[in-house]
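Worksheet for the structure shown next.
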Amino acid sequence: MKKRNTILILFFLAFLTTSFSGAIHSQEVRAYKINNKIILDGILNEEIWTNSPVNQFTQRDPVEGETASEKSNVWVAYDDENLYIAAKLYDSNPDSIDASLMRRDSHNESDWFFFFVDPYNDKRTGYYFAVNPGGSLWDGVLYNDSWDDDSWDGVWEAKTFIDNDGWSFEMKIPFSQLRFRNSEEMIWGVNFNRDIKRKKESSYYVMVPKEESGFVSHFAELKGLEGIKPKQRFEVLPYVVQKAQFLRHYADDPFYKGNQYRTSIGADLKVGLGSNMTIDATINPDFGQVEVDPAVVNLSAFETYFDEKRPFFIEGSNIFSFGFGGVNNNWGFNFGIPALFYSRRVGRSPQGDIVNDGNVDYPTETRILGAAKLTGKLADSWSFGAMSAVTERTFAKVLSDEGLNIKEEVEPLTHYGVVRTLKEINSGKQGIGMIFTSVNRDLSDPNLNASLADQAYTFGLDGWTMIGKDDEYALNASVIGSYTHGSTDYLTSLQKRPYRYFQRPDASFARLNTNRNYLSGYYSRIMLNKQKGNFYINTALGLISPGFENNDLGFQWMADRINGHMVMGYRWYEPDGLFRRKNIYLSHFRTYNFDGDVQTNGLMLFSFFQFENYYNIEFRGGYDFERYSPSLTRGGPMAKIPSDYFFDMYFSTDSRKDIIVSLNGEYSRDVLKSYYMSYGIELEWKPSPQLNLSVGPGYEYRKEGFQWVNNINDPAAVNTYQTRHIFGRINQETVSGNIRVNWTFTPQLSLQLFLQPLFSVGKYDQFKELAAPKTYETNIYGENSSTITYDSDGDEYVVDPDGNGPVEKFRFSNPDFNFKSLRGNLVLRYEVFPGSVFFFVWTHDKVNFKNPGDFKFGRDFSDLWRSVSNNIFLVKFSYWLDV
């Protein structure tokens, strides 16, 4: 194993030295210097717009390579402080121009114009700015040549005007919002894109064919930017938040009133270090979420992943992306690049347990004392990002039964840090990067010392190289090491995590050691991806050691794996009379653990078809061979998983229409007759350019014969290492829905409503225990002299494994459940001035658990509706100051 890992590391370091020739630009755009003030109104009556425009646009869709059906004239201009983009977009049918209104960065089908710019001209990264005829704005960043991220929000303006010839706009982008290497004369990369909704037409100044790879690397050159002296960037965004909470609570809760109304004041700062780097800092940050997390019912042993929604962390988060560089596709198959930086760890809910009895005021989050990010480029092709955050020592309040006020520490003073740097070579044809993460806690409380690490670090290297004369292939690789230190109690629990299970009695490579005070491990992966063309291939080999740990600042769901896969496929890009485009992929994958047990082994088929009328349909199917699961028994011996198959389908209608329908369905079944089925429909209705409504109900049914229930220690269970691993057959029904209303009054004023009802009911029967390791054979309770009875008083099952024999009876709780939830929020957003925003937010949620195991929709809905709810009202105003 060490030899195999050493070869991967050496190969990773060696391939980065490969060198290939750079790309050649053949198109140029001229930027004109402005001498007179531009009145930003969308009416192109300034003299500067009489210069020669950019007007040669080529379709990518619907007919690749054809000249754009409508004429477009585009200009680029600048003064000492701003970059200006203007366009006259002629339309032969101006009454059909789509001027839908939408909240910023809420991309819906419409007529759009995009301005793409690569200020460093590094042919890998950049920005995009988009405007539609109604004045709605959309912006983001470009990275990895062809990927984009709309979490970045710049402060810029655009005004539009519609007339009998079409529509026009003027866009003003302060140089302070862009990162570039300042010089007397600069050359940037640039591209333009116009979308016409009714024609489903997308045309570009530099059109990259569908069978080609990359995007930024093909940009034209923007010339004429001379003598720009951008001012020092210093922005302050002070804010005030008033919150009122009306929560579920006990009538005699002594802490409720004191927590009901809260006011907070803070500020975010942006400081430019030259034109290359930016410091983002926050004082007493407001990290309250505007969107709620979805409700889930998790019956697995693993943590649920929730997306980040806090602006400080999502803006510019792509700079901390690790392991994906170079390749334009990344396939996983029960493997993947570890998420070394999962920002929701910062400010998370406290993790400590309460020791004393009494009324408890337990905080729901850990306050962040301060956080800062440094991002930008050290040179044209050398990016850098660093984040540092400190969370305060957090206490829960306990009013004991004796009337004593007690404070218990539930989260220690903690520092979180991450540093990421990436050097791109030879116009992005090669790259090498590094990432380092750290977590340091002050564990002076003995209770926390037993449940948290005092130090946790990861260090990784990643890189890529293009292969072939036309960069047809990309080779990507990454290597990571981890180190976690803590008390022996904590390390014991760390070794028992669900993705590790060192306590497994049949494990041989890695075993539980209750005396250790640190854990270390490694990860490595190498991937080959075909970047362009009709024929496609992707293959990868990776491994992650049993001791690898990145969960303190990352998100971990795997360890102890050796994985490989192969994907082959074919892609048709040209219409054939029935389909506009289609693709088919076939894959094989297999995973072993370090003991040599097969954990996954299967085949999968993927297909996608787009009809001439822009309806879409996708099919997937797969077959999994028998394999072994280390997690099915929750720390017990390995169990066999029977072979199974699945298929699913997704269908959607033309997204240009006022009514859009999407359908989905899935079915899977194994040889033991366990099965799963689901289906759903989403209806989206756009009754006016300002209003968008969507409803998405769904239904799931699962009949699973091997759902884990409990582990019971019993010396008589000699065949399964003195532990009875109890399973049940579950019949689970889930009904859910997503309801969204987006009402945009103006591009600056919008109202959003989101509601998610969820009903999930599970009824268990046919309880059994694993009969022998590495099998799916079971001993069913109630058969072969064993007995099982239900004790209604304790809501427990009583099992006698051998009837009248000498083995003692045991009990386990009834696992039936009936989970009902309603979550939603209402958000009113008003951008008072560019960068200055007022929010009003109402968040609502309620839950109910009555009638476990018995699903009756009408009764359950009534029970949920009558339940006591949580209601939180929040008002926030932030004011942007450009100092």
In segment 476-490, the residues that are over 19 Å from I562 (Cα atoms) and open to solvent by 10 Å² or more (accessible area, probe 1.4 Å): Y483, H485, S487, T488, D489
Considering residues of segment 402-426 that are over 20 Å from A477 (Cβ atoms) and polar (S, T, N, Q) only, the residue surrounded by the fewest Cβ atoms within 10 Å (Cβ to Cβ): N405
Hits in segment 576-604 - residues which are more than 30 Å from G481 (Cβ to Cβ), in a loop (DSSP other than H, G, I, E, B) and either touching a residue at least 40 places away in the same chain (Cβ under 8 Å) or open to solvent by 70 Å² or more (accessible area, probe 1.4 Å) (or both): D576, L578
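Yes or no, residue by residue, for (1) more than 21 Å from T653 (Cβ to Cβ); (2) among the aromatic types (F, W, Y):
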{"position": "G577", "(1), (2)": "no, no"}
{"position": "L586", "(1), (2)": "yes, no"}
{"position": "Y592", "(1), (2)": "yes, yes"}
{"position": "D597", "(1), (2)": "yes, no"}
Lone unmet requirement of (1) surrounded by fewer than 18 Cβ atoms within 10 Å (Cβ to Cβ); (2) touching a helix residue (DSSP H, G or I) at 6+ places or on another chain (Cβ under 7 Å); (3) among the small types (G, A, S) for G636: (1)
Flag if F745 is under 30 Å from N108 (Cα atoms), open to solvent by 60 Å² or more (accessible area, probe 1.4 Å) and out of contact with any helix residue (DSSP H, G or I) (no Cβ under 7 Å at 6 or more places or on another chain): yes
Residue in segment 632-651 that is within 30 Å of L822 (Cβ to Cβ), among the charged types (D, E, K, R) and part of a strand (DSSP E or B) present: yes
Search result, residues across segment 605-617 that are in a loop (DSSP other than H, G, I, E, B) and open to solvent by less than 30 Å² (accessible area, probe 1.4 Å): Y614
Residues of segment 223-260 that turn out to be farther than 30 Å from M186 by Cα, β-branched (V, I, T) and buried (at least 16 other Cβ atoms within 10 Å of the Cβ), as a count: 1
Selection from segment 500-519 of residues that are hydroxyl-bearing (S, T, Y) and open to solvent by 20 Å² or more (accessible area, probe 1.4 Å): S508, T514, Y518
Lone unmet requirement of (1) closer than 22 Å to F175 by Cα; (2) surrounded by 14 or more Cβ atoms within 10 Å (Cβ to Cβ); (3) touching a residue at least 60 places away in the same chain (Cβ under 8 Å) for D80: (2)
Enumeration of residues in segment 727-741 that are closer than 30 Å to W156 by Cα and either open to solvent by less than 50 Å² (accessible area, probe 1.4 Å) or not in a strand (DSSP E or B) (or both): V741
Filtered residue count, segment 652-698, keeping only those that are crowded, with 16+ Cβ neighbours inside 10 Å, modelled with pLDDT of 95 or more and part of a loop (DSSP other than H, G, I, E, B): 2
Residue check, Y523 aromatic (F, W, Y), assigned to a strand (DSSP E or B) and surrounded by 22 or more Cβ atoms within 10 Å (Cβ to Cβ): yes
Selected residue [touching a Leu at 6+ places or on another chain (Cβ under 9 Å) and of a type in the set (F, W, Y)] from Y573, Y522: Y522
Some residue of segment 776-788 being in a strand (DSSP E or B), closer than 30 Å to F877 by Cβ and either at pLDDT 95 or above or open to solvent by less than 30 Å² (accessible area, probe 1.4 Å) (or both): no
Number of the exception - T160 against (1) among the polar types (S, T, N, Q); (2) crowded, with 21+ Cβ neighbours inside 10 Å; (3) at pLDDT below 95: (3)
Meets criteria (open to solvent by 60 Å² or more (accessible area, probe 1.4 Å), of a type in the set (K, R) and in a strand (DSSP E or B)) for R620: yes
Qualifying positions in segment 629-648 - under 20 Å from F594 (Cβ atoms), under 29 Å from the mean Cα position of the chain (by Cα) and of a type in the set (S, T, Y): S629, S631
Residue in segment 132-143 that is surrounded by fewer than 23 Cβ atoms within 10 Å (Cβ to Cβ), of a type in the set (V, I, T) and in contact (Cβ under 8 Å) with a residue 40 or more places away in the chain present: yes
Residue within segment 109-124 that is more than 28 Å from the chain's Cα centre (by Cα) and closer than 14 Å to Y204 by Cβ present: no
Segment 351-373, residues that are open to solvent by 50 Å² or more (accessible area, probe 1.4 Å) and either over 22 Å from the mean Cα position of the chain (by Cα) or polar (S, T, N, Q) (or both): Q351, D353, I354, V355, N356, D357, N359, V360, Y362, T364, R367, L369
Counted residues, segment 374-401 - those being out of contact with any Phe, Trp or Tyr (no Cβ under 7 Å at 6 or more places or on another chain), within 29 Å of N447 (Cα to Cα), open to solvent by 30 Å² or more (accessible area, probe 1.4 Å) and touching a residue at least 40 places away in the same chain (Cβ under 8 Å): 3
S493, sole failed condition from (1) in contact (Cβ under 8 Å) with a residue 12 or more places away in the chain; (2) in a loop (DSSP other than H, G, I, E, B); (3) open to solvent by 20 Å² or more (accessible area, probe 1.4 Å): (2)
Residue pairs meeting the criteria (Cβ under 7 Å; at least 6 apart or on separate chains; first outside any strand (DSSP E or B), in segment 463-474; second polar (S, T, N, Q) and open to solvent by 70 Å² or more (accessible area, probe 1.4 Å)): none
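The values are calculated or read from the model by the stated rules, or taken from the named source; none is laboratory data. This one's a predicted model, so the numbers in the text were calculated from it and none came from an experiment. Quick reminder, even Gly has a Cβ in these numbers, built from the backbone with ideal geometry, and neighbours come from all protein chains shown. Calculation scope for accessible area: heavy atoms of the full protein, side chains included, ligands and nucleic acids excluded. Shrake-Rupley method; radii C 1.70, N 1.55, O 1.52, S 1.80 Å.
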